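Single-structure report; data block below.
The values are calculated or read from the model by the stated rules, or taken from the named source; none is laboratory data. All figures in this text were calculated on a predicted structure; none of them were measured in a lab. Note that each Cβ is placed from the backbone with ideal geometry, even for glycine, and that neighbours are counted across all protein chains shown. Accessible surface areas use protein heavy atoms only, side chains included; no ligands, DNA or RNA. Shrake-Rupley method; radii C 1.70, N 1.55, O 1.52, S 1.80 Å.
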Amino acid sequence: MEDKKLMLGNEAVARGIYEAGCRFVSSYPGTPSTEITEYAALYNELHAEWAPNEKVAVEAAFGAATAGARAFSGMKHVGLNVAADPVFTASYIGVNGGLVIAVADDMGMHSSQNEQDSRHYALASKLPMLEPADSQECLDFTRRAFALSEEFDTPVLLRLSTRIAHSRGLVAEGQRQETPLRAYTKDIMKNVMMPAMARRRHVVVEERTKKLEALAETADFNKTEYFDRSIGIIASGIAYQYAREALGDKASYLKLGMVNPMPEKLIKDFAAGVDRLYIIEELDDFIETYCLKIGVKCEGKALFSPLGEYTAGMIRERILGVKQPVTQALGDIPARPPALCPGCPHRGLFYTIKKLGLTVSGDIGCYTLGATAPLQAMDLCLCMGASISALHGMNTVRGEEFSKKSVAVIGDSTFMHSGITGLLNIVYNQSESTVLILDNSITGMTGHQQNPATGLTLQNKPAPALDIENLCRAIGVKRVRVVDPYALEELEQALREELAADEPSVIIAKRPCVLLKSVTKGKPYTIDKEKCRRCGACMRIGCPALSAPGDGMEINSALCVGCGLCQKLCKFGAISRGEE
């Protein structure tokens with residue numbers, strides 16, 4: 001019997017990268033894609049790195065592929081927006097060594113600001129896209145994507161979803177295929193996309209698409225499974241798994257492993273062999289639209305929502321009319337909204353911002369939780385790096401009175417991802433804007449990845465650490481100051497002074513994430529219930545370690561990390577350490 005290993009989908013992709021003989025991996029962390037690159041970094045044969053953003057990551061991987069190596073870049077769906085510029089033109093240029101770009105869509109928005117169907121990028125950029133439906137296919141499709149890339153001279157997109165990326169399945173591992181570095185030759189007509197060359201390459205891309213369409217008809221990425229022919233299902237990825245669980249042998253299936261381009265004849269033949277055809281796909285009607293375009297009668301979004309994730313029960317009810325039995329909860333389960341961790345350095349900053357009544361242009365990261373109750377100290381959050389650019393626009397049109405009461409908030413990793421150019425724009429166009437860079441010494445929300453300011457690489461090897469303070473000065477910000485966000489009085493004074501300035505300013509709120517292993521936790525605080533007046537001042541910071549049971553305020557010693565923020569807010573001296 002073949003030995004198999006239980007693997008996360010992302011881990012299996014990393015194994016496929018390794019087995020395919022890939023040499024170079026560059027990515028930016030983003031849930032649900034992060035673990036691909038973290039697992040890839042465990043293989044010594046690979047050079048794996050974190051890039052400052054997804055655009056840089058794809059460009060670096062493209063450069064490695066152009067130089068003759070097999071290369072990979074991974075990102076979440078919104079990261080593909082950032083990387084779209086090089087992706088579209090890389091489609092025209094093609095590859096030398098194979099290039100695979102993985103994108104993980106987040107149906108249900110478990111950790112994202114939007115739901116986005118990345119299949120549209122494959123269609124728009126004219127790139128082949130594979131979509132695995134389990135961990136074994138994650139490995140197999142990744143391996144084959146590199147070969148497909150080199151055979152058809154094209155980057156290949158690999159689409160995952162949260163459920164495929166973060167579920168586990170049995171995987172049969174193979175051996176690494178040592179792929180020699182391909183020769184690099186100068187080829188201006190192919191590799192330099194000036195208009196005259198690009199016009200010629202577009203012809204090549206269209207010819208390539210026709211060849212890929214022919215491949216889609218016969219490749220075993222796409223497969224039919226015939227059972228009861230009264231119902232036919234076309235699906236891919238996790239939607240296929242839901243359909244199989246829901247309908248079993250009560251339906252026949254066309255499982256699409258290649259979702260761009262799609263196999264016209266195969267779809268028509270399958271449709272002709274079933275009585276009623278359903279398209280089951282999460283998010284957009286991508287497959288359904290194609291089927292209707294080629295004249296195949298089918299049902300899809302008329303039955304199924306374009307919102308969120310599906311379930312087997314939902315599919316069973318919509319197609320078979322069989323309702324899933326409802327399991328009753330054992331009593332009322334209290335809601336558990338997301339919150340900043342106990343001792344989070346961002347908490348004091350947002351408390352102070354709210355106290356001053358400031359308008360906040362926010363960004364993507366742990367600090368986005370500053371928008372939640374009771375802090376509620378964020379007015380806007382668009383995308384990575386947008387906080388600084390948006391603040392400039394807001395201040396420019398609303399004028400000085402508004403700018404004296406508004407700030408941008410951005411994290412250290414996000415600042416390096418796409419905030420630097422926004423700050424440069426503020427300096428260049430001379431708006432009186434105050435930017436707060438929350439430097440917690442790590443990329444926090446995606447699980448503590450290193451970045452250019454931490455002084456360590458993905459493999460935790462020493463690297464030059466970017467000096468954010470000096471960087472801000474170098475691009476023209478004259479007023480730059482560093483404060484400890486635990487020091488509330490100093491922080492408030494800094495905010496008042498920088499907001500009053502008639503020029504751009506930056507405040508770096510610097511304190512490491514409390515979850516870092518290197519951070520020493522303090523002794524928990526306690527509340528003297530005799531001194532406590534139950535005023536609720538300590539509750540205004542929204543610390544999970546604080547609660548208000550019937551007999552007064554209380555600190556959970558198992559959660560408290562001894563930051564002392566609550567003590568600073570108590571006017572009655574009711575909060576102290578155990579030995580005080």
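Observations on the model:
- Amide H to amide H, with H built 1.01 Å from N, E299 comes under 5 Å of L277, Y278, I279, counting only residues 5 or more places away or on other chains.
- Equivalent ellipsoid dimensions for the chain as semi-axes, Å, which come from the Cα gyration tensor, largest first: 46, 31, 22
- The per residue volume of the convex hull around the alpha-carbon atoms of region 207-261 is 68 Å³.
- Listed residues T368, T327 arranged by accessible area, highest first, probe 1.4 Å: T327, T368
- Distant-in-sequence amide H partners of A104 (H built 1.01 Å from N, under 5 Å): M75, K76, H77, L160
- With one equal scatterer per alpha carbon and no solvent term, the Debye-computed log10 I(q)/I(0) for region 403-497 at 0.13, 0.23 1/Å reads -0.50, -1.30.
- Pairwise FRET efficiency - D187 versus L382, Cβ, R0 = 56 Å, nearest 0.05: 0.90
- Relative contact order of the chain, defined on C-alpha pairs under 8 angstrom at six or more residues apart (%): 11
- Here's the picture: charge each Lys and Arg Cβ at +1 and each Asp and Glu Cβ at -1 in the chain, and of I279, S91, P32 the one pushed furthest to the positive end of that dipole is P32.
- The mean of 1/r over all pairs of different alpha-carbon atoms in region 1-152, once inverted, gives a Kirkwood hydrodynamic radius of 15.2 Å.
- Of all accessible heavy-atom area on region 1-134, the percent that carbon and sulfur account for (1.4 Å): 53
- Using θ = phi - 60° and Karplus 6.51 cos²θ - 1.76 cosθ + 1.60, couplings along region 470-476 (whole Hz; Gly, Pro as x): 5, 4, 4, 5, 5, 8, x
- Take every DSSP beta bridge whose two residues both sit in the chain; close to 25 percent of them are antiparallel.
- Over region 359-455, the Kirkwood radius and the radius of gyration, each from Cα atoms, give a ratio Rg/Rh of 0.98.
- Paired Rg and Dmax values of region 222-333, which use every Cα atom, in angstrom: 14.6, 53
- Spherically averaged projected area of the convex hull of Cα atoms, region 478-519: 3.3 nm².
- Between helix 135-152 and the chain there is an angle of about 70 degrees, using the helix long axis and the longest principal axis of the Cα atoms.
- Computed from backbone phi, the HN-Hα couplings of region 49-58 come to 8, 8, 9, x, 7, 5, 4, 4, 4, 5 Hz, rounded to whole numbers (Karplus: 6.51 cos²θ - 1.76 cosθ + 1.60, θ = phi - 60°; Gly and Pro given as x).
- Inter-site label distance for L307 and S576 at 7 Å from Cα along Cβ, in nm: 5.3
- Protein-only accessible surface order, largest first, of H120, H448, H110 at 1.4 Å: H110, H120, H448
- Hull shadow area, averaged, region 43-105 [alpha-carbon convex hull, nm²]: 4.2
- Amide H contacts of C381 (H built 1.01 Å from N, in plane; Pro and chain starts excluded): G362 sit under 5 Å, all sequence-distant by 5 or more or on other chains.
- Among C298, I319, G308 - extreme Cα towards positive end, dipole of region 274-343, charges at beta-carbon: I319
- Centre separation in Å (Cα based) which lies between region 1-55 and region 207-284: 28
- Estimated translational D of region 158-297 in µm²/s (Stokes, Kirkwood radius over Cα pairs; 20 °C; 1.002 mPa s): 120
- Taken about its Cα centre, region 81-152 carries a charge dipole of about 240 debye when Lys and Arg each add +1 at the Cβ and Asp and Glu each add -1 at the Cβ.
- Theoretical FRET efficiency, 1/(1+(r/R0)^6), r = Cβ-Cβ of Q324 and T421, R0 56 Å, to 0.05: 0.70
- Set of aspartates and glutamates with alpha-carbon distance to K510 below 19 Å, sequence-local pairs under 8 removed: D363, D412, D439, D467, E469, D484, E489, E490, E492, E497, E498
- Calculated SAXS-style log₁₀ I(q)/I(0) at q = 0.21 Å⁻¹ - region 358-402, Debye, Cα scatterers: -0.68
- Here the Kirkwood formula, the inverse mean of 1/r across different C-alpha pairs, assigns region 290-407 a hydrodynamic radius of 19.0 Å.
- Residue-normalised accessible area of the chain, expressed per residue, 1.4 Å probe, Å²: 44
- Over 26 Å between alpha carbons, listed pairs K255/K301; K223/K250; K211/K301; K461/K517: K211/K301
- Against the chain, whose longest principal axis is taken from its Cα atoms, helix 345-356 shows a tilt of about 60°.
- Seen against the Cα atoms of the chain and their longest principal axis, helix 9-19 is set at about 60 degrees.
- The per residue volume of the convex hull around the alpha-carbon atoms of region 107-198 is 145 Å³.
- Across region 425-434, computed HN-Hα scalar couplings (Karplus, 6.51 cos²θ - 1.76 cosθ + 1.60, θ = phi - 60°) run 5, 4, 5, 5, 9, 6, 9, 7, 10, 10 Hz from first to last residue, x flagging Gly and Pro.
- With Cα atoms defining each centre, region 127-177 and region 83-102 are spaced 16 Å apart in the structure.
- FRET efficiency for T289 and K211, using Cβ-Cβ distance with R0 set to 22 Å, rounded to 0.05: 0.45
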